1. Collect the residues in the stretch 163-187 that are over 15 Å from residue 210 (Cβ atoms) and part of a loop (DSSP other than H, G, I, E, B), keeping them in residue-number order.
2. Against the definition (under 28 Å from residue 110 (Cα atoms) and outside the structural domain of residue 106 (by TED's automatic domain parsing)), how does residue 234 come out, yes or no?
3. Take the residues in the stretch 77-101 that are under 17 Å from the mean Cα position of the chain (by Cα) and outside any loop (DSSP other than H, G, I, E, B), then tell me which one is farthest from residue 243 (Cα to Cα).
4. Would it be correct to say that residue 234 is under 17 Å from residue 275 (Cβ atoms) and in contact with a strand residue (DSSP E or B) (Cβ under 6 Å, 6 or more places away or on another chain)?
5. With the requirement that a residue be crowded, with 20+ Cβ neighbours inside 10 Å and either farther than 16 Å from residue 154 by Cα or touching a helix residue (DSSP H, G or I) at 6+ places or on another chain (Cβ under 8 Å) (or both), what does the stretch 332-345 give you?
6. Out of 142, 116, report the one residue that is free of Cβ contacts under 8 Å to residues at least 12 places away in the same chain and not in a helix (DSSP H, G or I).
7. Just give me the residues in the stretch 316-329 being surrounded by 13 or more Cβ atoms within 10 Å (Cβ to Cβ) and under 27 Å from residue 213 (Cα atoms), in sequence order.
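The values are calculated or read from the model by the stated rules, or taken from the named source; none is laboratory data. Predicted model, so just to flag it, every value in this text is computed and none were measured. All Cβ positions, glycine included, derive from the backbone under ideal geometry; neighbour counts span all protein chains shown.
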């Protein structure tokens, strides 16, 4: 596949309610769609949407990077995933969110030209179903009700944001949520909010519950606190963003949470997913509040892993760039249906 045209389309979509990212409150998501067209007319789409409070790059920086990239022709013939990864290794000046968008668009066009789904083109196999983990950002007093709603909606997994209230309150709310939704699996995401002692207190409080993992529990600890419960596993997220060395308690880690727009792009995420499996961990693809274009790519990646994907940020978008919107029904995305959605003109 030869790329003949690259177009950039800025977008802004409103959120259903404000979402706080550290010190930043988001009311809308802004980004840039990347449209790639091949010499044979196949089209692929990517989404560059740096996340305020988490991404190192700004939207203005990404726009400049993409303008420079789109002005230069793609010299490589992209006939396989190996070709894509080789070409991507030459794009040293692109930030993570720009990299994810460009790689996604080129891969999408190549997959269309080959009459394959993105998952099949990248990995040789795919699925038409992507299992999802629900996202809960409500305060602790609402966790039990939220857990019931997730179970009734067909989800098997839910992730609660923790580290925002008193630990005793969040432990009690976690136990209430488990009692309210028997059979549901729980993930807790602290976003590095706790000291080692605080994380240990929470871990002991939820030990014995159906907890898949606690995501990034420590603000700065490089060693696991003594007495950490054996049945409470840990997941990396932010630790993977900067390529930093993993802490020494790797044997207690069960999952690597991969956000391609934060870890360095599509090919980098595929490399990390393979590395995770070699370490005996699951790869869990997750979103950073991208539009439906980005979410659809993430769902294609996640459908090959067997792990419930963290893509429920999409439900917080009041509007989208895709027609029709992606349908999240009974805790999954129907990818066969999602592939038919088109970008608004």
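1. Of everything in the stretch 163-187, those that are over 15 Å from residue 210 (Cβ atoms) and part of a loop (DSSP other than H, G, I, E, B) turn out to be 163, 164, 165, 166.
2. When the stated conditions are applied, residue 234 does not pass them.
3. Filtering the stretch 77-101 for residues that are under 17 Å from the mean Cα position of the chain (by Cα) and outside any loop (DSSP other than H, G, I, E, B), the one farthest from residue 243 (Cα to Cα) comes out as 101.
4. Yes, satisfied.
5. 333, 335, 338
6. 116
7. Residues satisfying the conditions are 316, 317, 328.
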